[in-house]
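The values are calculated or read from the model by the stated rules, or taken from the named source; none is laboratory data. Keep in mind that what you see is a predicted model, and the values were worked out from it rather than measured. All Cβ positions, glycine included, derive from the backbone under ideal geometry; neighbour counts span all protein chains shown. To get the accessible areas, we keep the full protein, side chains included, count just its heavy atoms, and leave off ligands, DNA and RNA. Shrake-Rupley method; radii C 1.70, N 1.55, O 1.52, S 1.80 Å.
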Amino acid sequence: MPWSTVGGRSYYSGMVNTAWRVTLGVMASGAFFWAVAGAVDLGLERTHKGYGLPDGHWWYTIALFGGFIVAYISMASLTDTAAERYTALVPAAGAWFGVASCLLMGQETRHWVAAAVLALIGTALPLIVHRRKSGERR
């Protein structure tokens, strides 16, 4: 596999194209936050191994773990120092998709609390990245 070095980090050269990384990042972070909203809606049940999602809801588990792994890999290349400031909007878009999903799944207190936490994440991440980047420019 051909690897490239960008900004001191090595990446698979197929993912150097920013449009592909942004698309993959939005889809993966959207899947992750959708799964978080689904876990809030279903609630956790106690099993012999601890706590987990109820049986028969494997798609939330796959989206939770798969979305986290893919989003983490794509975000690592989007939020490095060589990336543009607007790339922090990628996981924020996924978080706001999670807010909408959570409120569409229910209107109970747990849904509103989870939506508020996801909205906080979706709002804070671009601000944190912007502040970090403006501090690096000084």
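Compare VAL90, VAL117, VAL22 by solvent-accessible area with a 1.4 Å probe and give them largest first, with all protein chains kept in place.
Numbers: VAL90 10, VAL117 75, VAL22 45 Å².
Putting VAL90, VAL117, VAL22 in descending order of accessible area: VAL117, VAL22, VAL90.
With θ set to phi - 60°, apply the Karplus curve 6.51 cos²θ - 1.76 cosθ + 1.60 along region 33-40 and write out the HN-Hα couplings as whole Hz, x wherever there is a Gly or Pro.
Residue by residue, region 33-40 yields 6, 5, 5, 4, 4, x, 5, 5 Hz.
For LEU118, LEU24, LEU64, LEU127, what's the largest-to-smallest order of accessible area, 1.4 Å probe?
So, going from the largest accessible area down, we get LEU127, LEU24, LEU64, LEU118.
Could you pull out every residue, at least 5 positions away or on a different chain, whose amide H is within less than 5 Å of the one on HIS57? Hs are placed 1.01 Å off N in the peptide plane, and Pro or chain starts have none.
It is none; the list stays empty.
Can you compute the modelled spin-label distance between TRP59 and GLU45, with each label point 7 Å from Cα toward Cβ, in nm?
1.8 nm
Using θ = phi - 60° and the Karplus curve 6.51 cos²θ - 1.76 cosθ + 1.60, what whole-Hz ³J(HN,Hα) does each residue of region 110-120 get, with Gly and Pro shown as x?
Along region 110-120, the couplings run 4, 5, 5, 5, 5, 5, 5, 5, 5, 5, 5 Hz.
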